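The values are calculated or read from the model by the stated rules, or taken from the named source; none is laboratory data. Please read these numbers as outputs of a predicted model, since none were measured by experiment. Ideal geometry is used to build each Cβ from the backbone, glycine not excepted, and the neighbour counts take in all protein chains shown.
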C-alpha cells in the first residue's frame, strides 16, 4: 500500500486505502499507559507535539462507553482548532474506541494496550471513510505521531519515578 514511516520505535503504516496503523512499545505498565490516554490531566501533558508550537488549550474527556471528548488547540480560544467525538468502547485497561466528529472525513480510532513483560504494546488503528480522507490525514500524522509518542515516553518515565 505504501506509506510507512518509523523513527525506530514508532511505526506508522497504511494498511489499506482507508486504514492507518501506528504501533509502539512503551516502557511502562499497561495501567499507566491507559491512564495517560484517559485522564485529562495526564493526556494534556503529552498529546500536543511540542515542535508545532500550538498548545493544548482545553481537554474535556468523559471516558466511558457513550461518553464524549473535546480537545482544543491554539494560542487563544478565538482561533482554536477543536477535535471532538464520542467513545464507542471503553474497556480498561485494554481498549479504547472513539469517533472523530469534527468533519465528515473523521476516522474511527481504536487503541489497544497489551502487556508485554511489564511493558505496553500499543496499537492505534484509524479507519477513514475514504482513501482521500486518509491521504489528507496521513500528511500530518507521520511526523506528529512519533513525536507525540516520544512525549508520552518522557511522561511515563516521570510517572514511573514518582510512583
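Residue 5 is checked against (1) at pLDDT 95 or above; (2) closer than 29 Å to residue 119 by Cα; (3) in contact with a strand residue (DSSP E or B) (Cβ under 7 Å, 6 or more places away or on another chain); (4) not in a loop (DSSP other than H, G, I, E, B) and fails just one. What number does that condition carry?
Failed condition: (1).
Could you go through the range 106-129 and let me know if any residue there is in contact (Cβ under 8 Å) with a residue 24 or more places away in the chain, closer than 15 Å to residue 36 by Cβ and exposed (fewer than 14 other Cβ atoms within 10 Å of the Cβ).
Looking through the range 106-129, none of the residues is in contact (Cβ under 8 Å) with a residue 24 or more places away in the chain, closer than 15 Å to residue 36 by Cβ and exposed (fewer than 14 other Cβ atoms within 10 Å of the Cβ).
Tell me, which strands (runs of 3 or more DSSP E) wholly within the range 17-82 include 2 or more residues that are in contact with a helix residue (DSSP H, G or I) (Cβ under 7 Å, 6 or more places away or on another chain) and either within 29 Å of residue 118 (Cα to Cα) or touching a residue at least 12 places away in the same chain (Cβ under 8 Å) (or both)?
19-26, 56-61
Go through the range 83-99 and give me each residue that's touching a residue at least 24 places away in the same chain (Cβ under 8 Å) and touching a strand residue (DSSP E or B) at 6+ places or on another chain (Cβ under 8 Å).
Of everything in the range 83-99, those that are touching a residue at least 24 places away in the same chain (Cβ under 8 Å) and touching a strand residue (DSSP E or B) at 6+ places or on another chain (Cβ under 8 Å) turn out to be 87, 89, 90, 93, 94, 96, 98.
With respect to residue 102, is the statement that it is over 23 Å from residue 155 (Cβ atoms), in contact (Cβ under 8 Å) with a residue 40 or more places away in the chain and outside any strand (DSSP E or B) true? Spell out the reasoning first.
Details: over 23 Å from residue 155 (Cβ atoms): yes; in contact (Cβ under 8 Å) with a residue 40 or more places away in the chain: no; outside any strand (DSSP E or B): yes.
In short, no.
Residue check: is residue 135 surrounded by fewer than 17 Cβ atoms within 10 Å (Cβ to Cβ) and under 14 Å from residue 51 (Cβ atoms)?
Working: surrounded by fewer than 17 Cβ atoms within 10 Å (Cβ to Cβ): yes; under 14 Å from residue 51 (Cβ atoms): no.
No.
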